[in-house]
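The values are calculated or read from the model by the stated rules, or taken from the named source; none is laboratory data. From a predicted model like this one, the values you see are computed outputs, not experimental measurements. All Cβ positions, even for glycine, are placed from backbone atoms using ideal geometry, and neighbour counts span all protein chains on display. Just the protein is used for accessible areas: all its heavy atoms, side chains included, with ligands, DNA and RNA removed. Shrake-Rupley method; radii C 1.70, N 1.55, O 1.52, S 1.80 Å.
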Amino acid sequence: MLVTAKTLLVPARKKKYAIPAFNVNNLEFLKSVMAAAEAMKSPVIVQTSEGAVEYAGMDYLVAMIRVAASGNIPVAMHLDHGKNLGIIRQAIRSGYSSVMIDASALPYRENVAKTKKVVRWAHAKRISVEAEIGALAGIEDLVSVQERDAKLTDPEEALRFAHATGCDSLAVAIGTAHGAFKFKGMTHLDIPRLQRIAALVKLPIVLHGASGVREDLKQLAERHGAKLGKARGVLDGDIRKAIRQGVAKVNIDTDLRIAFTAGIREAVDGLPTIIDPRKLLERPNTLLTEVAKQKMKLFGSAGRA
Ligand code: G3H
Ligand code: 13P
Ligand code: ZN
């Protein structure tokens, strides 16, 4: 059933588990994620970036996700990192049940103004809104305390922002970064900062850039020709701590991409006589489902559908 993200996230924060939010761009990712959700009985947020909209077309994405949401699993259809107000409006009109307005790169007042506008549009249609305050940056790129404070989310500012905008969930910056190369040295998050944010902001908190970059899948891809070098992600232990502190939505894209790429490479290498793409896509789909299931266990969303 199609539900708003808020419907899923409020109980998650209260009971200290998190809903996985997976990025999808095509049918393979969507079906593999839904196979995991059904097997694990987990609610799920299926999200598409503006890049996904450009790649697949919003009409195709909406039609596919509507089908995915037509069963018993609670599914939120979410626009990830909405920056373009035209795309956000289109998503609201097209049947998304949740949108993100990401104006985090703008000065505070402009972020508030743009977010408020989206909240007005979305709430008129009973759609929930995720907003962001702070800039995603790997902690080790921020060498001085001043630099850290300038980039990572300030707890007091997060509280003011949440009140001023009326958003339903809040993405914060505590040291994660998007993509496969998150940390130069040791991986760690600013959990004390998250604790201070969560003590003030009672909304469900969202963690972007949360992929773990599984070593076994990285190696599988590399055995079949990939070059992933020093790719490094967030530790499972840090994800658990973050969820205990109030993170209720965890965004995963990179881990799905690595699983899928590893599977594709292995299949193409190992099945030289096969030209049927459906056969070549079996292995990547299986690995993707396996990764999605593992996240549902880690986040505690398994069994909550
Ligand atoms: O946060 C970004 C997501 O990984 C989406 O990436 O813009 O390449 O679709 P994308
Ligand atoms: P990863 O790149 O760590 O998977 O983060 C994805 C994300 O935050 C999507 O919004
Ligand atoms: Zn993100």
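Based on alpha-carbon atoms, the Kirkwood radius and the radius of gyration of segment 189-254 give Rg/Rh equal to 1.11. For the chain, the Stokes-Einstein estimate of translational diffusion at 4 °C and a viscosity of 1.567 mPa s comes to 67 µm²/s, using the Kirkwood hydrodynamic radius over alpha-carbon pairs.
With axes computed from alpha carbons, what is the tilt in degrees of helix 58-68 against the longest principal axis of the chain, rounded to the nearest 10 within 0 to 90? The answer is roughly 80 degrees.
For the chain, the dipole from Cβ point charges (+1 on Lys and Arg, -1 on Asp and Glu) about the Cα centre works out to 940 debye, to the nearest 20. To the nearest ten degrees, helix 85-94 and the longest principal axis of the Cα atoms of the chain are 70 degrees apart.
Here each label is just a point 7 Å from Cα along the line to Cβ, and for Lys14 and Glu38 those points are 3.0 nm apart. In terms of the mean number of neighbouring beta-carbon atoms within 10 Å, the peptides 270-276, 43-49, 151-157 order highest first as 43-49, 151-157, 270-276. Accessible area per residue for segment 171-219, computed on protein heavy atoms with a 1.4 Å probe, is 37 Å². Only lysines eight or more places from Lys230 in sequence, or on another chain, were considered; those with a Cα closer than 19 Å are Lys182, Lys184, Lys218. Take the Cβ atoms of Lys227 and Gln146, set R0 to 35 Å, and the FRET efficiency comes out at 0.45.
Taken about its Cα centre, segment 54-179 carries a charge dipole of about 800 debye when Lys and Arg each add +1 at the Cβ and Asp and Glu each add -1 at the Cβ. For the chain, the carbon plus sulfur part of the accessible surface works out to 54%, probe radius 1.4 Å. Phi angles of segment 69-84 translate, via the Karplus equation with coefficients 6.51, -1.76, 1.60 and θ = phi - 60°, into HN-Hα couplings of 8, 7, x, 8, 6, x, 10, 9, 9, 10, 8, 8, 6, x, 10, 8 Hz per residue; Gly and Pro are given as x. Taking every lysine pair in segment 1-120 that is 8 or more places apart or spans two chains, those with Cα atoms closer than 27 Å amount to 18. On a per residue basis, segment 50-111 carries 46 Å² of accessible surface, using protein heavy atoms and a 1.4 Å probe. A protection proxy built from the mean count of other Cβ atoms within 10 Å ranks the segments 255-262, 223-230, most packed first, as 255-262, 223-230.
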